[in-house]
Amino acid sequence: MLDFSRLFQSFGQSSHNVKLALIWTLFETGSASVRSGAILSAYIYLCTGSNSTVGYVQGITGIAQMVAALPAGWMADKYRRDYILKGAAALGAIAGASLAITLLYKLPVNVLFGACALLGTYTGFNNAPLEALFADCIPRGKSSLYTTKAIVNSMASGLGPVVSVVLFAFLGNRWEQASLS
């Protein structure tokens, strides 16, 4: 059985960067779980009437992430990781705002593609430096923090499906733009 008191104790004794990485993982993985779930795909389908567009949106996000991951990994080995993460966070804020504005104002699909490409680029630039910085900050003999991070990641991954269930419970099983937005 999971000992939460031990989990919180190891969190409390961790360095600033380890705490930030765990908190960031919780929120980033949770938000990724929500935006990659059924609700966003259904919303895109209802706005465009095209399954292909749903696939292209998911595809462009993944391709941008893959393309950004290689230079991000190289930069994480060559430059200060915290600076790369700050740049990635700024890009993530721009990408998130772009996606929100695009969906809120029902902008054309090419704008949605751009917002999702920015989102993928952000993710690519976030992951490698975050993992490298986390590894740098783990003291010898404290490998259990990797387990803690895995637990946080797994729990946050379940957030999207939980949000979907809660929304459908309150709004009903209506697949309309108004209820999905």
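The values are calculated or read from the model by the stated rules, or taken from the named source; none is laboratory data. Remember, predicted model here, so these are calculated numbers, not experimental data. A quick note on method: Cβ atoms are made from the backbone with ideal geometry, for glycine too, and the neighbour counts reach across all protein chains shown. Just the protein is used for accessible areas: all its heavy atoms, side chains included, with ligands, DNA and RNA removed. Shrake-Rupley method; radii C 1.70, N 1.55, O 1.52, S 1.80 Å.
Quick look at the numbers
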| read-out | value |
| --- | --- |
| Candidates TYR56, TYR105, TYR45, TYR79, filtered to the one that is within 30 Å of ALA132 (Cβ to Cβ) and open to solvent by 80 Å² or more (accessible area, probe 1.4 Å) | TYR79 |
| Residues of the stretch 82-102 satisfying the condition of being hydroxyl-bearing (Ser, Thr, Tyr) and over 16 Å from LEU133 (Cα atoms) | SER98, THR102 |
| GLY124 vs. criteria small (Gly, Ala, Ser), surrounded by 12 or more Cβ atoms within 10 Å (Cβ to Cβ) and over 17 Å from HIS16 (Cβ atoms) | yes |
| Unmet criterion (only one of (1) surrounded by 15 or more Cβ atoms within 10 Å (Cβ to Cβ); (2) over 18 Å from the mean Cα position of the chain (by Cα); (3) within 30 Å of LEU46 (Cβ to Cβ)) for SER98 | (2) |
| Any pair with Cβ under 7 angstrom, 6 or more apart, that starts in the stretch 42-64 at a residue that is closer than 10 Å to CYS116 by Cα and ends at one that is part of a helix (DSSP H, G or I) and of a type in the set (S, T, N, Q) | ALA64/THR121 |
| Sole exception among (1) open to solvent by less than 50 Å² (accessible area, probe 1.4 Å); (2) at pLDDT 90 or above; (3) among the small types (Gly, Ala, Ser) for ALA93, by number | (1) |
| Subset of the stretch 131-146 [under 20 Å from LEU70 (Cα atoms), open to solvent by less than 50 Å² (accessible area, probe 1.4 Å) and either of a type in the set (Gly, Ala, Ser) or out of contact with any Lys or Arg (no Cβ under 8 Å at 6 or more places or on another chain) (or both)] | ALA132, ALA135 |
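Okay, residues lined up against (1) under 22 Å from SER154 (Cα atoms); (2) among the hydroxyl-bearing types (Ser, Thr, Tyr):
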residue: ALA38; (1), (2): yes, no
residue: CYS47; (1), (2): no, no
residue: SER52; (1), (2): no, yes
residue: GLN65; (1), (2): yes, no
residue: ASP77; (1), (2): no, no
residue: ILE101; (1), (2): no, no
